[in-house]
Amino acid sequence: MAFVTQHQIQKFREDGFLVLEHFFTAEECDSMRNAIQRIIAEMEVPPHCRTEFSTKEEEQLQAQGSSDYFLTSGDKIRFFFEKGVLDKRGNFLIPKEKSISKIGHALHAHDPVFKQITHSSKVQELGRKLGLERPVVVQSMYIFKQPGIGGEVTPHQDATFLHTEPLGRVLGFWIALEDATQENGCLWFIPGSHTNGVTRRMVRAAPGTSTCVEFVGSEPDYDDSQFIPLPISKGGLILIHGEVVHKSELNSSDSSRHVFTFHVMEAKDTSWSKENWLQPTPELPFPSLYT
């Protein structure tokens, strides 16, 4: 692993992101890709993906089914699909392994390979270098960015979804399991955009509302010319400040862009918002990053 310098940490504080090439080995990346193939092979298609669209009421039940499936995924391994990959009966129009958008949100807790990577000594050492005293892992995701259909991710701040008081306590670790290029949908950032707070929050909606979450505030119109692309090779790690503005484009290439990402919160003197969609559960309190 590349040794992280104080200069790099300073740069992270200024930019809101830091690129660390070759943080993980090719073998570590391949072990994660193999683990996810195993998980997909055993996947049962979630029942809410199987209901037939017909009446408005059934559509609402389906939407509620998907939202419950999402809201209760914080302590489980669950599957989320790209749009347009299922027919009306819930059968796959393309092979299932090519239809998945992401798998979340507790791979770090339930799969030995992802657990080992999340708590690896180099990640723990990086946490200490960053001055994290009581970091806990709040969620993890495997993102596929499938060839040709991997959708764009519009400009956002992670703290919109993972809100803390005070702000500035959430950090993303984003690991490229394949080369991420401008063609297959690498990340783009606005350097220094992590210093202005958050403009939008996703909160749990009141019980009985038709949607499970709602947005408060709005995302400003960002100037496209302010974004810079961060291509990174397989095994590279991008550290992402919770408030830095970033996005990724549609993957129009014929190669995928697999990523494993997890978020850490500094738990010392921090409160996790009760309105966040993601909540710790008795089965899975947020585990300490340090083992």
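Run down the aspartates and glutamates and flag those whose C-alpha is under 20 Å from the C-alpha of Lys88, throwing out any fewer than 8 positions away in its chain. Result set, ordered by chain and number: Glu44, Glu52, Glu57, Glu58, Glu59, Glu97. Using a probe of 1.4 Å, the accessible surface attributed to Leu93 totals some 110 Å² when neighbouring protein chains are kept in position. Amide hydrogen proximity for Ser253: with H placed 1.01 Å from N in the peptide plane, the residues at 5 or more positions away or on another chain lying under 5 Å are Gly148. The apolar share of the surface of the chain, taken as the fraction of accessible area on carbon and sulfur atoms (1.4 Å probe, ligands and nucleic acids excluded), comes to 53 percent.
Straight-distance candidates among the lysines for linking to Lys76, with alpha-carbon spacing under 18 Å and chain neighbours fewer than 8 residues away dropped: Lys102, Lys115. At a probe radius of 1.4 angstrom, the accessible area of the chain per residue rounds to 47 square angstrom. Taking all protein chains together and rolling a 1.4 Å probe, Tyr222 ends up with roughly 60 Å² accessible. Straight-line cross-link partners of Lys234 among the aspartates and glutamates, defined as a Cα under 19 Å from its Cα and at least 8 positions apart when in the same chain: Glu21, Glu27, Glu28, Asp30, Glu178, Asp179, Glu183, Glu249, Asp254.
The values are calculated or read from the model by the stated rules, or taken from the named source; none is laboratory data. No experiment lies behind these values; they were computed from the predicted model shown. Protein only, heavy atoms only, side chains kept; ligands, DNA and RNA dropped before computing areas. Shrake-Rupley method; radii C 1.70, N 1.55, O 1.52, S 1.80 Å.
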